[in-house]
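The values are calculated or read from the model by the stated rules, or taken from the named source; none is laboratory data. Keep in mind that this is a model prediction, so the values were computed, not measured. Positions of Cβ are generated from backbone atoms using ideal geometry, with glycine treated the same way; all protein chains shown enter the neighbour counts.
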């Protein structure tokens, strides 16, 4: 009897353990299936007017006595109902909407892919009375990437929709190439603005290879298919050609800024220097000294505010690169355009 009792107890424990394991496996499988079925790419829209109202309500209620807080809640509830009733009567077609986009730039201009999707989404629904606000932060990067980013913003201007650029920290070099497209540029007083210049830099190990009797072979078709490289010997002709390419890119940069912001004096600002917001305002590089937070708060009662983000499921390698890119942005050593000559490779 004792044996049967112990065996029954063991069997009961085993069945319970198996049931628990099956439940865990089933739960994990369900989560995996949901994750696989979820769209890897999608547009996310967040109305944010209520966020400001909720923050205000929480602070005000916390500072009132209990009886006063109850009266305040009742009054707020009544006011919200009246506002909702009023908004139903109003023709929503005439209420202005502000679409808020964000661009956190790295050297490769990686976020251009999301920017183009966000711009497309906004243009599908925006009306002429609406507006787009881009919160921009970038110290520049590769010429072709930031050229494309500026072209995406130009699509908004071409549709006769007002575009405001807000710079809280930095819009330099390629970042300013984007910013100057805006109808209006806002900058925080100590934001870094400008750096209208071009730089290319590359180490050369040719002498080290020669020292160790290592040959480097390079075969090209076309006299200037490659000029300055990491391992080849740099000739005066190649160096001069690279210099011409950099100067030509700088000229195109200046022409673009002049076309977008004719109020700037290019002789003063196209030197590759950068200025803090207050100085940049005096040089007409920006229109107003204001943070993006203050700008949005000033509009919260008259305009419908919507944050628009294009979400992409990132691979692990992309997350690692994004981390290093953020570390690079935190370094204010230089504000570069390309890390090598603009070319088709």
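So residue 275 ticks every box in (1) part of a helix (DSSP H, G or I); (2) surrounded by 11 or more Cβ atoms within 10 Å (Cβ to Cβ); (3) at pLDDT 90 or above; (4) out of contact with any helix residue (DSSP H, G or I) (no Cβ under 7 Å at 6 or more places or on another chain) but one. Which box is left unticked?
(1)
Applying the selection to the range 175-229, what residues are closer than 23 Å to residue 110 by Cα and either assigned to a loop (DSSP other than H, G, I, E, B) or modelled with pLDDT under 95 (or both)?
Within the range 175-229, 180, 181, 182, 191, 195, 196, 197, 198, 199, 200, 201, 202 meet the criteria.
Pull up the range 12-52, narrow it to residues that are part of a helix (DSSP H, G or I), under 31 Å from the mean Cα position of the chain (by Cα) and at pLDDT below 75, then point me to the one that is surrounded by the most Cβ atoms within 10 Å (Cβ to Cβ).
52
Go through (1) touching a helix residue (DSSP H, G or I) at 6+ places or on another chain (Cβ under 6 Å); (2) modelled with pLDDT of 95 or more and name the single condition residue 137 misses.
Only one criterion is unmet by residue 137, namely (1).
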